[in-house]
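Structure, as structure tokens:
The values are calculated or read from the model by the stated rules, or taken from the named source; none is laboratory data. Note that the structure is predicted; figures quoted are calculated from it, not measured. Cβ atoms come from the backbone with ideal geometry, glycine included; neighbour counts cover every protein chain shown. Accessible surface is based on the protein model in full, side chains and every heavy atom, while ligands, DNA and RNA are left aside. Shrake-Rupley method; radii C 1.70, N 1.55, O 1.52, S 1.80 Å.
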Amino acid sequence: RCVVFDEITPDAPIPLIEKGIAFYAKQRCDAIVAFGGGSPMDAAKTIALSVANKKHPRKLVGYFKGLRAPVPVYAVPTTAGTGSEVTVAAVISDPDTNKKLVIADTRLVPAMAALDPVLMTGLPPAVTAATGMDALTHAVEAFVGRWATAHTDRLALAAVGIVYTQLRVAYRKPKDLEAREQMALAATYAGLAFTRANVGYVHAIAHQLGGRYHTPHGLANAIMLPHVLRFLSPAITRRLALLAVRAGVGRPNEQPAALAKKFIDAVEQLNRDVGIPAQVDALREEDIPELAKAACWEADTNYPVPRYMSPATCAKLLRHVLPPKAAPKPVRRRSAR
């Protein structure tokens, strides 16, 4: 027998997770099938850890805060992006503070994941684009970070190659099962890579934008990725060159600096091809200093970044994605009679 809890909304807010915990107890459940995108999967993982440890989700934020293993979770992703079906983390949101919170534990990895491309054929193009760029960001940040290994490199490079050949197809032809299946694999490969090698400044900034403005995570990642890579480029030129070759935008015999530039330009071009905007519409100038400070704190204390960024530099990057200011309305003058 199974029962359905379907109240989780984007960003997996704590009040709805609390309702899920109560529902689990009332229905006397013994396992969870996480069916949906990143938010339902992360909510399911949080519920599973919370009920096993009888602890509120806020008490589980951080690393290994649960004594007992979560109840079994089986993941069926319906988007190709987050990779949550294979990761050690659950990202939830606290509406009281407008912040994203991360719960991390190796036992949070679902017991099984089922990738079914048919479930993804109905995704709107904008969701296909944002989640696909989310997968690309996972792969790239895992590849350029200081915790990368030969194993995570293989997974990350495979994901990058797939995204560059299949995302445009899935975006333009939503019913193309081959493209959908390949993007599902890319998201999972990228998830396997970053759950070991971790992420970086792109995610740290995206978490702030999601917490403050509810900007979809994949969209925020996509918008910020080329700006952060441009800042990191002096420290990761050769890694970016390898990504350019795998993405098919350069040849191995080219100079690393030229290849690095080609890859960053290719990220921007891919964003344009799948309709990703260049600005974060909700972003406000007065919020930038606080957002930059919080993003740098998150990255510097949690992620193996290849080059450190000051809050001032982060603020400068955020200003690149401010929405254009509204043009002043012309003053109409009455004609003299």
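For the options E254, E141, E178, a Gaussian network treatment of the chain with springs between C-alpha atoms closer than 10 Å singles out E254 as fluctuating the most. With unit charges on the beta carbon (Lys/Arg positive, Asp/Glu negative), name the residue among P306, P226, V321 whose Cα is farthest towards the positive pole of the charge dipole of the chain. Result: V321, furthest along the dipole toward the positive end. Loop-located chymotrypsin sites (Phe, Trp or Tyr not before Pro) across segment 249-321 with a Cβ neighbour count of 13 or fewer within 10 Å are Y308, with loop assigned by DSSP.
Rounded to the nearest 5, what is the percent of antiparallel bridges among the DSSP beta bridges in the chain?
Of all bridge pairs located within the chain, approximately 40 percent are antiparallel.
Provide the FRET efficiency to the nearest 0.05 for the V4-T97 pair, computing r from the beta carbons and using R0 = 45 Å. Working from the Cβ atoms, E equals 0.90. Taking amide H atoms as placed 1.01 Å from N in the peptide plane, the amide H of G36 lies under 5 Å from those of V76, T78, each 5 or more residues away in sequence or on another chain.
When Y63, Y171 are compared by accessible area at a 1.4 angstrom probe, the order from most to least is Y63, Y171.
Once you charge only the Cβ atoms, +1 for Lys and Arg and -1 for Asp and Glu, what is the size of the charge dipole of segment 148-276 about its Cα centre, to the nearest 20 debye? Don't jump to the answer; show the numbers that get you there.
Working: 16 positive and 8 negative charges, 17 e Å.
Dipole size: approximately 80 debye.
The alpha carbons of segment 139-291 occupy a box of 45, 40, 28 Å along the principal axes, longest dimension given first. Please build a GNM for the chain, connecting alpha carbons under 10 Å apart, and tell me which residue among H217, H151, H138 fluctuates the most. Highest fluctuation among the options: H151.
Overall, the anisotropy analysis places segment 216-310 in the oblate class: the square-rooted eigenvalues a ≥ b ≥ c of its C-alpha gyration tensor yield a/c not less than 1.5, with a/b not exceeding b/c.
Partners of K59 within straight-line reach, counting lysines whose Cα lies under 23 Å from its Cα and excluding those fewer than 8 residues away in the same chain: K19, K26, K45, K99, K100.
Beta-bridge orientation, segment 1-131: approximately 40 percent antiparallel, per DSSP, counting only bridges with both partners inside.
Sorted largest first, the spans of the alpha carbon positions of segment 36-160 along the three principal axes are 39, 36, 31 Å.
Just to be sure I understand the model, the point goes 7 Å from the Cα along the line to the Cβ. What's the resulting L322 to M112 distance in nm? If labels sit at L322 and M112, their model points lie 5.3 nm apart.
One Cα centroid belongs to segment 49-114, the other to segment 269-330; the line between them spans 27 Å.
What number, rounded to the nearest 500 deg cm²/dmol, is the helix-based mean residue ellipticity at 222 nm of the chain, given -39500 (n - 2.57) per DSSP H run of at least four residues and division by all its residues? Each step should come with its number before you reach the end.
Working: 10 runs with 179 residues, N = 337.
That comes out to -18000 deg cm²/dmol.
Evaluating 6.51 cos²θ - 1.76 cosθ + 1.60 at θ = phi - 60° for every residue in segment 274-286, the Karplus couplings come out as 10, x, 6, x, 8, 10, 9, 4, 7, 5, 10, 4, 5 Hz, glycine and proline recorded as x.
If you wrap the chain in the convex hull of its Cα atoms and look at it from every side, the mean projected area works out to 21.6 nm².
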